[in-house]
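Have a look at the structure below before the remarks.
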Amino acid sequence: MAEQLFRYAVRNLPVRVALAGGERLGAGGPGAPLMRILDPAAFFHRLGADSKIGFGESFVAGEWDSPEPAELLTPFAERLADLVPAPLQALRRWVDAPKPGAERNTTTGSRRNIERHYDLSNDVFAAFLDETMTYSSAMFTPGSDDLADAQRTKMDRVLDLAGVGAGTRLLEIGTGWGSLAIRAAERGAQVTTVTLSAEQQELAEKRIAAAGFTDRVDVQLRDYRHAEGGHDAIVSVEMIEAVGSEYWPEYFAALDRLLVPGGRIGLQAITMPHDRMLASRRSHTWIHKYIFPGGEIPSLQAIEGTVREHTGLRGTGRHSFGPDYAATLRTWRDAFQQRWDDIAALGFSERFRRTWEFYLAYSEAGFRAGYLDVWQLGFRKPA
């Protein structure tokens, strides 16, 4: 059945699928993206066992390959809603594996989920990120492909949305490796930044000290739910994806609580279409299993609806730049591949390499297809 569904899915896709033994599938011409299925029996078995996880696992196992996986995956992402015949889509709730209860984003669960990704190794991230050590979408200016400059542009714009300047008491939810906190301190802000990653906290503190801002930036290992104080501004860049829909009301209520009247928020969030979010929100996927346990991408409608229903915040502006995320991910993937020998020297395996190659290509394809987007959103608490 899995093989027949795959053949149905690719029959009109502009791709070339080459099966071991010489059979060809897909509607793509000579220049179309190529998928080589090296072990058809194993590939179709994994799809049948769990299609959402098996497709990626099969790539990691070397059962299929592609010279350019992001280009190959883009047509799949563009037609994701139509790959399975409509009558069979009604069976989703019986076929899709549910998210494990252990990955709920409780206060203890959130820390465990974050540690599984961000405490992997600071050296791995340093190998493929730019000099700013920023692990979120950049914002490129026309005519420039410099990633570090594009990351600074992104940081400046989200700080502008939050009205951050000299003397601003700023709360950052999701420290990363400290770049945005440093950027805010350069503006004269007094920054409190919270993270659940001990690895990130350690390196962020070192980078903040090297920049000369220890007196202006306090890095706390703390859940956003336990943050304290009244702040003039809050920024949170691509952290909401780790919150989970169960806790979105609590997250936005915390932002409202922590902000003084008249205060402003700059939020950056990855989004997906609302109907796809509703259809997939309970499914356990390859990304959950191997990359972001507990992760859940919201829709723009879900974010704005939650803000309306659970806070007194008011929107002040929004801007999407999804194609810039595709470019960011492509740059990361190229750097990851170029620096693979250095990463391997840290003790990481070939399986790890293929896992991250698929993760970065899969994500890039989502943004190239428009299935995923990224937004910067501004909010204000009435005075």
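The values are calculated or read from the model by the stated rules, or taken from the named source; none is laboratory data. This is a predicted model, so every value here is computed, not measured. Note that each Cβ is placed from the backbone with ideal geometry, even for glycine, and that neighbours are counted across all protein chains shown.
Things to note:
- Qualifying residue in the range 114-121 (condition: among the acidic types (Asp, Glu), modelled with pLDDT under 85 and more than 30 Å from Asp341 (Cα to Cα)): no
- Single unsatisfied condition, Thr168 versus (1) of a type in the set (Ser, Thr, Tyr); (2) in contact with a His (Cβ under 8 Å, 6 or more places away or on another chain); (3) within 19 Å of Gly378 (Cα to Cα): (2)
- Qualifying residue in the range 68-87 (condition: part of a helix (DSSP H, G or I), at pLDDT 90 or above, closer than 28 Å to Phe292 by Cβ and acidic (Asp, Glu)): yes
- Selection within the range 146-161 - within 15 Å of Ala269 (Cα to Cα), of a type in the set (A, V, I, L, M, F, W, C) and touching a helix residue (DSSP H, G or I) at 6+ places or on another chain (Cβ under 9 Å): Met155, Val158, Leu159
- Selection within the range 324-333 - surrounded by 20 or more Cβ atoms within 10 Å (Cβ to Cβ) and either among the basic types (Lys, Arg) or closer than 14 Å to Asn122 by Cα (or both): Arg333
- Residue in the range 194-208 that is on the phi > 0 side of the Ramachandran plot and at pLDDT 95 or above present: no
- Per the listing Arg339, Arg281, Arg351, Arg308, the residue uniquely over 22 Å from Arg157 (Cα atoms), at pLDDT below 95 and basic (Lys, Arg) is Arg281.
- Within the range 352-383, tally of residues that are on the phi > 0 side of the Ramachandran plot and either surrounded by 18 or more Cβ atoms within 10 Å (Cβ to Cβ) or among the aromatic types (Phe, Trp, Tyr) (or both): 0
- Restricting the range 334-351 to residues that are free of Cβ contacts under 8 Å to residues at least 40 places away in the same chain and under 19 Å from Gly62 (Cβ atoms), the residue that is surrounded by the most Cβ atoms within 10 Å (Cβ to Cβ): Trp340
- When every residue of the range 160-174 is checked against the conditions, at least one turns out to be within 24 Å of Glu364 (Cα to Cα) and either among the small types (Gly, Ala, Ser) or at pLDDT below 95 (or both).
- Options Leu5, Leu19; residue that is more than 21 Å from the chain's Cα centre (by Cα) and either at pLDDT 95 or above or β-branched (Val, Ile, Thr) (or both): Leu19
- Subset of the range 357-383 [in a helix (DSSP H, G or I) and under 13 Å from the mean Cα position of the chain (by Cα)]: Tyr359, Leu360, Ala361, Tyr362, Ser363, Glu364, Ala365, Gly366, Phe367
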